[in-house]
Amino acid sequence: MVVVDRCCGAPRGRGGLPAVVDAQVHGWDGRPHNQAGPAGEQFVADLLHRHRMVDPSPRPLSADAFELVTPQALAAHVLSAVDRAVLVPAGFEDLFVLGFAAPAWHAELAAEHPGRLALAGELDPADRARARGIGARVGRDGLRALTVLPARRPETALSLRAPWLRRTLIRAEQAGAGVGARPAGPP
């Protein structure tokens with residue numbers, strides 16, 4: 001969940017019409033050398049299958065082309081279709097050696113397109129060590145939004161009422177990130 005005008009400025013699009021915003025986009029590297037075993041390979045195959053189900057293109061991407069979505073290709077594709085977008089890195093370090101959707105890629109891309117691309121981060125409620133410095137991370141990384149999302153779904157589901165998590169989310173909000181939560185179940 002992202003509050004658009006907080007992330008990207010006033011939500012007005014071309015010609016004063018309401019802006020079209022894609023609230024969750026990623027560049028990624030799912031090539032074989034980055035896959036940490038069969039589970040990484042299966043993740044990329046499943047993702048390709050889901051994308052093909054919703055892709056209206058008469059010529060969908062080949063599996064090889066789908067494995068790597070560079071920041072430049074992502075920007076060209078997304079910015080030609082929408083007024084603003086929220087970039088959401090996704091590590092999946094247990095499936096990919098170098099991470100799947102690298103935060104550094106997304107941060108650089110957001111910096112190249114201020115006002116059109118905003119950077120969001122994810123917070124795994126089971127990872128209390130990473131949650132401790134969230135205020136500093138929001139400021140340092142330029143995060144405009146933060147999504148609470150368990151990495152191991154639904155095994156690490158945690159109530160948003162947990163006192164330490166509430167304090168963490170308040171710090172993130174005070175540092176400038178809009179905070180939202182989404183269910184950890186299947187899409």
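The values are calculated or read from the model by the stated rules, or taken from the named source; none is laboratory data. Just so we're clear, the structure is a prediction, and the values are computed from it rather than from any experiment. Neighbour counts run over all protein chains shown; Cβ positions are idealised from the backbone, glycine included. To get the accessible areas, we keep the full protein, side chains included, count just its heavy atoms, and leave off ligands, DNA and RNA. Shrake-Rupley method; radii C 1.70, N 1.55, O 1.52, S 1.80 Å.
Per-residue answers, yes or no, for (1) modelled with pLDDT under 80; (2) assigned to a helix (DSSP H, G or I); (3) open to solvent by 50 Å² or more (accessible area, probe 1.4 Å); (4) out of contact with any His (no Cβ under 6 Å at 6 or more places or on another chain):
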site	(1), (2), (3), (4)
Val44	no, yes, no, yes
Arg52	no, yes, yes, yes
Pro56	yes, no, yes, yes
Pro60	yes, no, yes, yes
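Scan (1) at pLDDT below 80; (2) closer than 27 Å to Asp46 by Cα for the single condition Ser159 breaks and write down its number.
Every condition holds for Ser159 apart from (2).
Applying the selection to the range 92-119, what residues are of a type in the set (Gly, Ala, Ser) and either under 14 Å from Val21 (Cα atoms) or open to solvent by 20 Å² or more (accessible area, probe 1.4 Å) (or both)?
Once the filter is applied, which keeps residues that are of a type in the set (Gly, Ala, Ser) and either under 14 Å from Val21 (Cα atoms) or open to solvent by 20 Å² or more (accessible area, probe 1.4 Å) (or both), the range 92-119 yields Ala102, Ala104, Ala107, Ala111, Gly115, Ala118.
Step by step: first the residues of the range 108-151, then only those that are among the small types (Gly, Ala, Ser) and in contact with a Cys (Cβ under 6 Å, 6 or more places away or on another chain), then the one that is nearest to Leu74 (Cα to Cα). Which residue is that?
Ala118
Can you report the number of residues in the range 76-115 which are more than 14 Å from Gly142 (Cβ to Cβ), assigned to a loop (DSSP other than H, G, I, E, B) and touching a strand residue (DSSP E or B) at 6+ places or on another chain (Cβ under 9 Å)?
10
Taking only the range 120-134 into account, find how many residues are open to solvent by 20 Å² or more (accessible area, probe 1.4 Å), not in a strand (DSSP E or B) and not hydrophobic (A, V, I, L, M, F, W, C).
Matching residues across the range 120-134 total 6.
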